[in-house]
Amino acid sequence: MNTEQMNARIANASHGNDLRRGAIEMSLAMLMSGTIGWLVVSSGQTPWNVVFFRCVFGGATLLAVCAALGFLKARYFSWRMIGLVLIGSVAIVGNWLLLFAAYSRASISMATTVYNTQPFMLVALGVIVLRERVSASTVAWLGIAFVGLVMVVRVEPAVLAMPGQYLEGIAYALGAAFLYAISSIVTKRLKGTPPHLIAMLHVLFGIAMLAPFARFDQAPATLAGWSDLVVLGVVNTGLMYVLLYGAIQKLPTATIGALSFIYPVVAIVVDWLAFGQRLAWLQVAGAALILLAAAGVNLQWRIVPARVRANE
């Protein structure tokens, strides 16, 4: 084996390790995401307060992490980086506000279903902005995952009792999905910037943006309420977004989209464990489809035959 072949093999092995590590990081982040709705509702706070305190506690956690890892040095910063991070921060903070507001209007179930159209938006933006190629099999797997998602999330007819608020909630959830896709595309442009630093700046900018709108007179009056916000900030923001942004920088857009479907499955399981809501057989089947689709994209299983070349 010559030197060029050896270098190519090492590069391929390194790329494979990055993909595996990114898949693990993304999966863990989605597991954490599954508990966010529960924490938001349990806190009893308005979306503005929830997102503000999430940024405060998350920012403190990420600031400590970045300081410990030496990421607060001048060489990590540039005007281009700060500009892109600011755009991403507006997108991610807006994403949180819209999604949390959608819960009380369209129900958590329907808001979650609509919000999970974001992988399709992410794949579309990847094609348009990053010129990424998506195979027919990937599109098919994403379609199967969405079918599974619809099976997993049960929607009660009662949500249609207030059609005005319901449609407003649907619009909020769609807006949240689009802003999440925008944030992911911007984050991919920051390759080489430590994900810890990106996440820290996102929430620090978020504090500045949301401070004028926070209602401090309506802050939690109980230890339980504050505990929900602290966990949401430290674990479900500080730790989760380090994992999420690290995965986004390592994985193809289509894989990120597929693994995002893990989130609603975990949310259903958390509902069952926390509130005793048992899964119907249709939901179990839907969860299986979602996980199958995630595996299909990760392992590049082909379900649509490749086109035969014209000269063959």
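Since every read-out is calculated from the coordinates, none of them should be taken as a lab result. Remember, it's a predicted structure, so these values are computed and weren't measured experimentally. A quick note on method: Cβ atoms are made from the backbone with ideal geometry, for glycine too, and the neighbour counts reach across all protein chains shown.
Highest-first packing order for the peptide set 42-51, 177-186, 82-91 is 177-186, 42-51, 82-91, based on the mean count of other beta carbon atoms within 10 Å.
A Förster distance of 22 Å, applied to the separation of the beta-carbon atoms of Ala171 and Ile87, puts the FRET efficiency at 0.50. Its Cα gyration tensor gives the stretch 172-215 an equivalent ellipsoid; the semi-axes, largest first and in whole Å, are 21, 18, 6. Let me see the P(r) profile for the stretch 210-282: every Cα-Cα distance counted, bins of 5 Å, each bin given as a percent of all pairs. Once binned at 5 Å, the Cα pair distances of the stretch 210-282 give 3, 11, 12, 17, 17, 15, 15, 7, 2, 0.
Ranked by the mean number of other Cβ atoms within 10 Å of their residues, highest first, the peptides 221-229, 116-124 fall in the order 116-124, 221-229. Extension gain for Trp272 to Arg21 (0.36 nm times residue separation, less C-alpha to C-alpha distance): 87.4 nm. Over what distance in Å are the Cα centres of the stretch 14-82 and the stretch 198-219 separated? After rounding, the separation between the Cα centres reads 14 Å.
For a Förster distance of 30 Å, can you work out the FRET efficiency between the beta-carbons of Trp281 and Arg133, rounded to the nearest 0.05? Display every interim value, and only then the final one.
Working: r = 38 Å, r/R0 = 1.26.
So, using R0 = 30 Å, E works out to roughly 0.20.
Length gained on full extension, Leu291 to Arg215: 23.3 nm, using 0.36 nm per residue less the C-alpha separation. Pairs of C-alpha atoms in the stretch 47-298 farther apart than 35 Å represent 15 percent of all such pairs.
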